[in-house]
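First up is the structure itself, then whatever we jot down about it.
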Ligand SMILES: NC(=O)c1ccc[n+]([C@@H]2O[C@H](COP(=O)([O-])OP(=O)(O)OC[C@H]3O[C@@H](n4cnc5c(N)ncnc54)[C@H](OP(=O)(O)O)[C@@H]3O)[C@@H](O)[C@H]2O)c1
């Protein structure tokens, strides 16, 4: 049950068999195999906006777009923009304008400048840094409250939001019961001592089945994909 108007949220993550989102080595680690990546491409193409935390922008430097021309054309046919809106949030405002997400949008691929949420006190500085490479939205308080951000996205017409991590974002959405679906792809690799960012950094215990129930477990190529849905009676936000 939603307590305020907000988009439907699909939260997705891929982890190693021992629970890491990333290893500690410098280059970007892609855990998913081709079959899982193909499903994720469909999920991206089906949403109005994609959100990642600033930590993921800094670590992975993703472009966050729909690569496939076929999927972009299908969006346009349904009356959507060719690309979902790209969204991130930062409290520090430490975002380098040279990151991929801020590079001039390719008009042939229908990219729009991303939307970055940050506390009002940081917004002016970030606007000066990013100029027209992004829209910066100032939020009340020292952090961006997810309830506020989601209500703002709803006002902008975002109905389906895909959240792609990282760890801090996953923790906030699950702990507050804000994700409607949680899609967790488990790889067969074990990182062991090379484990970098765990799925869960918080030291407080969180038991998924307090708020979520497992709705499917599927093999997708080499990955096991677990999908949890929020208990219908769980208040969200
Ligand atoms: N395997 C996967 O599926 C997957 C997916 C995504 C990411 N990853 C990995 O996850 C790692 C990144 O995770 P992470 O936990 O370090 O970073 P993150 O969750 O992507 O981003 C955390 C950052 O987001 C900002 N933030 C978070 N909550 C906020 C709030 N309420 N208000 C304002 N700003 C907020 C802060 O930015 P500031 O520090 O700028 O204030 C914070 O440091 C990377 O290693 C990446 O490779 C893996």
Test of understanding: what is the full-extension gain from residue 109 to residue 143, defined as 0.36 nm times their sequence separation minus their Cα-Cα distance? 9.0 nm
What is the calculated FRET efficiency for residue 229 to residue 131, with r their C-beta to C-beta distance and R₀ = 41 Å, to the nearest 0.05? 0.50
Once label points are set 7 Å from the Cα along Cα→Cβ at both residue 205 and residue 81, what is their separation, rounded to one decimal in nm? 4.4 nm
Can you say what percent of the DSSP beta bridges in the chain, counting only those with both residues inside, are antiparallel? Round to 5. 40 percent
I'd like the distance between the alpha-carbon centres of the range 191-230 and the range 124-167, rounded to an integer number of Å. 26 Å
Full extension from residue 58 to residue 216: what is 0.36 nm times the residue separation minus their Cα-Cα distance, to one decimal in nm? 53.6 nm
Show log10 I(q)/I(0) for the range 8-230 at q = 0.07, 0.17 Å⁻¹, two decimals, from a solvent-free Debye sum over equal Cα scatterers. -0.21, -1.38
Taking the range 8-230 and dividing mean pair separation by its residue count, relative contact order in percent (alpha carbons under 8 Å, at least six apart): 32 percent
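No lab work stands behind these numbers, since they all come straight from the coordinates. Computed from a predicted structure; not experimentally measured. Cβ sites come from the backbone with ideal geometry, for glycine too, and all protein chains shown count toward neighbours.
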